[in-house]
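Step one of this worksheet: look at the structure below.
None of the figures in this text is laboratory data; all of them are computed from the coordinates on show. Bear in mind the structure is a predicted one, so any value in this text is a computation, not a measurement. Note that each Cβ is placed from the backbone with ideal geometry, even for glycine, and that neighbours are counted across all protein chains shown.
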Amino acid sequence: MAMPRSAPAEPDESASRTKLLVGGIAAFLLLAIIIGTAAFIVSERAEDEGETNKKAMAATMRTVDLFCSPTDYQATCKETLTKPLERSDNQVDHPHAAAAAAITAVGRELSRGFNESSLLEAVRQSNDTLVHEALLDCKMLLDDCAADVTRALSTVAWRGVDGPAQDLQAWLSAVITFQGSCVDMFPKGDVRVQIKEIMEKAREISSNAIAIIQQGAALAAMIEIDAGAKVTLPNDADDDDDDDDDNNGKDDTPAEQSDGERQLQESVSDVPTWVPSEDRRILEEAEEERNGVLTPNVTVAKDGSGQFTNISAALDALPKNYSGRYVIYIKEGVYDESVNVTNGMSNITMYGDGPKKSIITGSKSVGDGVRMWRTATLAVDGDRFMAVKMGIRNTAGDEKQQAIAVRVKGDRAIFFNCRIDGHQDTLFAQAYRQYYRSCIVSGTVDFIFGDAAAVFQRCVLLVKDPLPGKPGVVTAHGRRDRQQTTGFVLHRTRIVADEALASKSSTVKTFLGRPWKEYSRVIVIESVIDGFVHAQGYMPWEGKNNLGTAFYGEYGNVGDGANITARQEMKGFHVLNKDKSKVFTVERFLNGGEWIPETGTPVRLGLFG
């Protein structure tokens, strides 16, 4: 992949932060600072005003120091929080005030930076059409940033910071993603340098905001400001609570359902013949009367038997201000079109007759002059999107460079029993939270990439034979900041070679991933790694040394490619134990118990073993 790619600290680091925050004497000290500050401000009102102001300022600074302690940019944090917390009369409300101030600062900096007259003048004077195109794309991404800042502020105002902490962190992680993507869109030159400088300050403030929210959520929970459920800290890898292993959603493991309870909707021919029978069964299982649950609003059929003959027309017919889930049934057929689920299209479900029957196809590619993120056959920008029993593919070959089959930039997206086929850059999991269940994803190089928090559960990742002299690479995650709550999790998934690659696996190197950005994060747990995967497991990005700052973790894997001896020599590789692995389960990593079971999608919220 020629184009450059773009979460909290790693489990061991965050665990120590959490222990400091909620354990033993330290917890009482922090609690005393918050409550004691409020108490003494009230009691000292009769004193000399100057002395009172001095003590109040000292108390405010102690509180600022407390909230800024987990951030990576301390000076910026103190600058952000000092004045807002000075103006807050009720010090006990500081967790919410700090979160609101931090989020507000993100929006202010983005607006200030992008409207700099010098930047706009530089763009106007440029004769490079790529610069002007990049500016338009960048503005679209910054609109997404503004929307995330707005909904984060609204959420804090209505719900505080405790209960919705994971939502807030997910949205602000996306803000960092979009800032970085904006820079990446510009061609190398003076304008790109200027954009990068402007976005750097915004990234620092966004990074701080994620850390402040985590700190504020924990403090709010401690002093019971928020009456909601206890906060889940996504960085806490040392929680020994086994509740994560409870499966509160639907699941279909052999121990939990009989064969008679499964209704297999797909034929065996839908799964590659070289995939072992157990994995074939996993991919074919668990429709569980789904056709009876999904009642379509509209039907798309190539033969004219539905309301529409193409998918885009069905989306365009979505009623204005429609509330609830809008279900589109796509009958068997090959639909050659670019399908765009826009920001305004939330709660869209597309379901077909099977991943090799109802197929969306396209062939746009960078090699043909299309900008990378516009090559997608299916582009999803709306929240809470679902695809069920669908095939999506990009037929441009490796020689056409990047060619995306699916791009997902909507929060809480679900793909169930789908097949996503391509070569280089097949699946662009761009941002937010995503869940893939019983899917096949195929490709050659970086074929799952992006900066989303995405879990692939009971999937098959099919590595194809790359171009001569090129390696095969499954993932290229783009986490740009260590506070972002993003990463790819491969859970009870199998990494398998196609027939062409399997026949030459001794000469073609294949890797589980390479770090697109500095803090790339990929976790492989309870999965099967076949022997064609190189013993090193992960390779560096060209011209960069990101392996030291990246986070690659493995736990409970089997297969000839699961030996971690050679991987342990890499600084960024981590051998996870069971407790640390729980951080990356659907429940903890995606907060999936709140949104996946209600859709009827099978899910294992915790570990399988």
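Figures for the structure shown
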{"item": "Spatial extent of the range 172-216: Rg and Dmax, with the Cα atoms as the point set, Å", "result": "12.0, 40"}
{"item": "Residue exposure sequence - K517, K83, K55 - by fewest surrounding Cβ within 10 Å", "result": "K83, K55, K517"}
{"item": "FRET efficiency estimate (nearest 0.05) - Cβ-Cβ, A75 to S338, R0 35 angstrom", "result": "0.15"}
{"item": "Coordinate range along principal axes, alpha carbons of the range 455-564, Å, largest first", "result": "41, 31, 20"}
{"item": "More than 29 angstrom apart: percent of Cα pairs within the range 255-599", "result": "35"}
{"item": "Length gained when the stretch D498-E598 is fully extended (0.36 nm per residue, less Cα-Cα span)", "result": "32.5 nm"}
{"item": "Largest to smallest principal axis extent of the C-alpha atoms in the range 508-609, angstrom", "result": "44, 29, 26"}
{"item": "Extension gain from E133 to S363, taking 0.36 nm per residue of separation minus the Cα-Cα distance", "result": "80.7 nm"}
{"item": "Sorted by Cβ neighbour density within 10 Å, fewest at the top, the residues L110, L130", "result": "L130, L110"}
{"item": "12 Å beta-carbon shell around R203, net charge (K/R +1, D/E -1)", "result": "-2"}
{"item": "Per-pair calculated FRET efficiency, R0 = 25 Å: R112 and K188 via Cβ, rounded to 0.05", "result": "0.50"}
{"item": "Length added when fully stretched, R124-K83, from 0.36 nm per residue minus Cα-Cα", "result": "11.1 nm"}
{"item": "Pairwise Lys count, the range 317-408 - Cα closer than 18 Å, eight or more residues apart or different chains", "result": "6"}
{"item": "Residues H96, H477, H534, H132 arranged by fewest to most Cβ contacts within 10 Å", "result": "H132, H534, H96, H477"}
{"item": "Members of K55/K78; K201/K544; K509/K580; K470/K544 lying beyond 21 Å, as alpha-carbon distances in this model show", "result": "K201/K544; K509/K580"}
{"item": "Modelled FRET efficiency - R0 51 Å, E542 with K578, Cβ distances, 0.05 increments", "result": "0.90"}
